[in-house]
Amino acid sequence: MSAIQALSQRGNPTDLYSRFSSFTAARDLMAADLYPFFLPLEGGEGPTVRRDGRTLIMCGSNNYLGLTGHPEVLAAARSALDRYGSSRTGSRFLNGNTDLHQELEAELADYLGKPAALVMSTGYQTNLGVLGTVLTPRDYVVLDRSAHASLLDGCRLSGAKVRWFPHNDPEGLRRTLERIPDEAGRLVVVDGVYSMEGDVCDLPAVVKMCSAYGARLLLDDAHGLGVLAEGRGTAAHFGLTDEVDLVTVTFSKSLASLGGAVAGSEEAIHYLRHHARSLMFSASTTPTNAAAALAALRLLRARPELATAVQANAAYVRRGLAEAGVRSTPSSTPIVSLPTPGALETLTTWQRLLHDGVYVNPVLPPAAEPRLRTSYMASHTLDQLDRVVEACAAQDALLERPGNEGRSVSVA
């Protein structure tokens with residue numbers, strides 16, 4: 001037995017490894033056959049997936065436009081693999097940059113209505129790189145309470161003073177901004193579409209507050225790109241593209257790939273290109289991923305009806321759920337969140353839906369209040385959506401009845 005193992009077994013609180021043995025929550029769920037994470041799926045992902053030889057309707061994916069298996073996306077990825085190889089084996093700052101990355105940046109910037117864009121390896125790294133670079137310990141950053149974890153992590157990395165305002169509450173934002181010293185730099189950070197609730201940011205009110213208090217604005221539009229304004233996102237949806245300073249997006253949702261990007265002024269992007277550590281010290285997005293994202297972007301530009309289709313499918317589900325007496329939080333996006341009375345009900349209902357052939361995502365604190373997060377694709381058929389509604393309507397924990405509303409989620 002090693003010295004570290006001996007210390008751990010004795011429960012020495014000074015040994016870092018003692019925290020490993022004290023973490024039992026996941027194993028407890030495994031023992032109860034209620035562990036919902038890291039489920040291995042077989043084959044590709046579309047409106048249906050395969051698991052343990054069974055076909056499941058996929059309602060737990062961010063593949064909003066259903067493009068992960070589109071022939072043009074796959075062909076572009078294969079072509080890039082043949083031309084560039086499997087990896088660039090270095091950062092874009094040195095040997096990892098290609099003409100393909102720059103082509104993607106130019107087309108993304110144009111599509112988002114900004115002068116320039118910068119592609120990074122993931123959406124998470126994009127938010128870390130942008131916030132960790134733009135902000136300093138002298139600055140204040142103001143976040144919506146439901147902001148994505150990557151945004152908070154980027155703010156923490158910067159050392160800036162973090163302040164919160166209640167979710168989608170412009171008056172709360174005003175109160176927070178007015179308490180910041182006049183001489184301090186300030187940045188407001190919001191999501192365009194909130195990933196758990198599925199609601200859209202009140203961007204006109206946020207822009208008004210930023211203007212009144214001299215704050216810059218960063219919009220994370222990971223779930224808005226490809227969905228709102230025929231795909232152009234939240235800022236375009238409200239006609240406020242020029243009023244948003246920086247927009248970050250990810251490729252792992254509507255663009256059917258892996259990677260991320262920030263769009264903004266030429267000056268801002270030039271600065272980030274030479275200072276963002278998550279770009280400079282991380283390997284480049286693979287050419288295969290860049291090519292897939294570029295092909296998906298071109299499909300979105302050519303076929304804006306894809307964004308219309310995913311919205312129509314989600315609206316169809318919301319109507320069906322309401323008619324069946326199933327509660328869902330207010331939403332006008334492909335994300336439909338189903339509150340549950342508690343954590344145990346979340347897991348047991350998730351398991352029953354899986355047994356009934358419907359794949360959804362269980363959400364537990366601290367990520368959010370207990371719920372099942374469902375999301376829909378442009379490629380779902382009405383027959384599949386009917387089956388989803390029928391399966392949800394058979395779950396007691398999801399129905400609107402006395403006793404089920406105690407821990408439901410309140411959204412703006």
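The values are calculated or read from the model by the stated rules, or taken from the named source; none is laboratory data. Remember, predicted model here, so these are calculated numbers, not experimental data. Here the Cβ is made from the backbone with ideal geometry for all residues, glycine too, and neighbour counts use every protein chain on show. Calculation scope for accessible area: heavy atoms of the full protein, side chains included, ligands and nucleic acids excluded. Shrake-Rupley method; radii C 1.70, N 1.55, O 1.52, S 1.80 Å.
Remark: the stretch 28-39, residue by residue, has Karplus-estimated 3J(HN,Hα) of 4, 5, 4, 5, 8, 6, 10, 7, x, 10, 6, 6 Hz, where x stands for each Gly or Pro and the curve is 6.51 cos²θ - 1.76 cosθ + 1.60 at θ = phi - 60°.
Across the stretch 288-361, the mean sequence separation of Cα contacts (distance under 8 Å, 6 or more residues apart), normalised by length, yields a relative contact order of 17 percent. Just the number, please: carbon plus sulfur as a percent of the accessible area of the stretch 142-259, 1.4 Å probe, no ligands or DNA/RNA counted. So the carbon and sulfur contribution to the accessible surface is 46 percent. Extension gain for the segment GLU390 to HIS355, taken as residue separation times 0.36 nm less the Cα-Cα distance, is 11.3 nm to one decimal. Computed with every protein chain present, the accessible area of THR176 is close to 10 Å² [probe 1.4 Å]. Summing charges over neighbours of LEU65, with a neighbour being any other residue whose Cβ is under 14 Å away from its Cβ, gives +1 when K and R count +1 and D and E count -1.
Once both labels are positioned 7 Å from their Cα atoms along Cα-to-Cβ, the gap between GLU171 and SER87 label points is 5.4 nm.
Exposed loop sites here mean trypsin sites (Lys or Arg not before Pro) with a DSSP loop assignment and at most 13 other beta-carbon atoms within 10 Å; the chain contains its longest site-free run at 180-412.
Cross-link partners for LYS208 among the aspartates and glutamates, with Cα-Cα distance under 15 Å and sequence neighbours closer than 8 places in the same chain left out: ASP169, GLU171, GLU178, ASP242, GLU243, ASP245. Express the relative contact order of the chain as a whole percentage, based on alpha carbon pairs under 8 Å and six or more residues apart in sequence. Normalised by residue count, the contact order of the chain is 21 percent.
Once you sort the root eigenvalues of the Cα gyration tensor of the chain as a ≥ b ≥ c, which label holds: rounded (a/c under 1.5), prolate (a/b larger than b/c) or oblate (the other case)? Rounded, because the longest to shortest axis ratio a/c is under 1.5. Only helices enter the 222 nm calculation for the chain: every DSSP H run of n ≥ 4 contributes -39,500 (n - 2.57), and dividing by all residues gives -12000 deg cm²/dmol, rounded to 500.
Normalised per residue, the accessible area of the chain is 44 Å², obtained with a 1.4 Å probe and no contribution from ligands, DNA or RNA. In this simple spin-label approximation, PHE20 and THR381 carry label points 7 Å from Cα along the Cα→Cβ vector, and these lie 4.9 nm apart. Take every pair of alpha-carbon atoms less than 8 Å apart whose residues are at least six positions apart; their mean separation over the length of the stretch 87-140 yields a relative contact order of 17 percent. Take TYR140: with every protein chain present and a 1.4 Å probe, its accessible area is about 30 Å². With every protein chain in place and a 1.4 angstrom probe, the accessible-area ranking of VAL262, VAL134, largest first, reads VAL134, VAL262. Each label was represented as a point 7 Å from its Cα along the Cα-to-Cβ direction; for LEU344 and ALA184 these points are 4.4 nm apart.
To the nearest 10 square angstrom, what accessible area does PHE23 show with a 1.4 Å probe? Around 130 Å² of this residue is reachable by solvent.
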